[in-house]
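None of the figures in this text is laboratory data; all of them are computed from the coordinates on show. Computed from a predicted structure; not experimentally measured. Cβ: placed from backbone, ideal geometry, glycine included. Neighbour counts: every protein chain shown.
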Amino acid sequence: MKEIVIRQLAERGVELMDIAELVRELQRPYSPNLTPEVCLSMVGAVLEKREVQHSILVGIALDTMAEDGNMLEPLRSIVVEDEPLFGVDEILALGITNVYGTIGLTNFGYLDKVKPGILRVLNNHPEKVHTFLDDIVAGIAAAASARIAHNIFK
Ligand code: MG
């Protein structure tokens, strides 16, 4: 299952190293010497969790369905336009963010506001629908970062 999730993320333009970079950015004030390899291993650990895998699959499925026109209106237009009042994408991602407790929530809020790295790339993609994926990616990075904050280095 983990391999399928990693492949689907890659097909949507997200490499695990992109997420690891977000983790590094989140942890820079607290652990400036954190290596990309450590961040990458934290991302890998988050992706082991079954509830995380399920949220990723659901988010990518919904983005893809909206993109292909395979979704009922008015939902399709709402998802394609990423309407500001549509908050179901964030709600889905919270299931990932909170796997290591509420510390992930602050991390998620920061990423959602600043949109560094891959998040900006996803948000500025003209033809693709990334309404769910940007929050999913931010959720994974936030959870991986919470893992570091909790000193779970295994
Ligand atoms: Mg979104």
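Modelling each spin label as a point 7 Å along the Cα-to-Cβ direction, I'd like the residue 3/residue 78 distance in nm, to one decimal.
So the label points at residue 3 and residue 78 sit 3.8 nm apart.
Please state the charge dipole magnitude for the chain, taken about the Cα centre, from unit charges on C-beta atoms (+1 on K and R, -1 on D and E), reported in debye and rounded to the nearest 20.
Details: 14 positive and 22 negative charges, 147 e Å.
The calculation lands at about 700 debye.
Can you give the FRET efficiency to the nearest 0.05 for residue 88 and residue 48, using r as the Cβ-Cβ distance and R₀ = 35 Å? Please list the in-between numbers first.
Numbers: r = 25 Å, r/R0 = 0.72.
FRET efficiency, residue 88 to residue 48: 0.90.
Using only DSSP helix segments of four residues or longer, with each worth -39500 (n - 2.57), what per-residue ellipticity at 222 nm results for the chain after dividing by its residue count and rounding to 500?
Working: 9 runs with 103 residues, N = 154.
Value at 222 nm, helices only, nearest 500: -20500 deg cm²/dmol.
Multiply the residue separation of residue 124 and residue 61 by 0.36 nm, subtract the distance between their alpha-carbon atoms, and state the gained length in nm to one decimal. Kindly include the intermediate steps, with their values, before the conclusion.
Values: separation 63, 0.36 × 63 = 22.68 nm, distance 1.98 nm.
Net length gain for the segment: 20.7 nm.
In a Gaussian network model over the chain where Cα atoms closer than 10 Å are linked, find which of 24, 50, 12 has the largest mean-square fluctuation.
50
So how do 28, 76 line up by other beta-carbon neighbours within 10 Å, fewest first? Don't skip to the end; give the middle numbers.
Numbers: 28 11, 76 17.
Placing the least packed residue first, the sequence is 28, 76.
Determine the relative contact order of the range 28-154: mean sequence separation of Cα pairs under 8 Å and six or more apart, normalised by residue count, in whole percent.
Working: 124 pairs, mean separation 45.5, N = 127.
RCO, the range 28-154: 36 percent.
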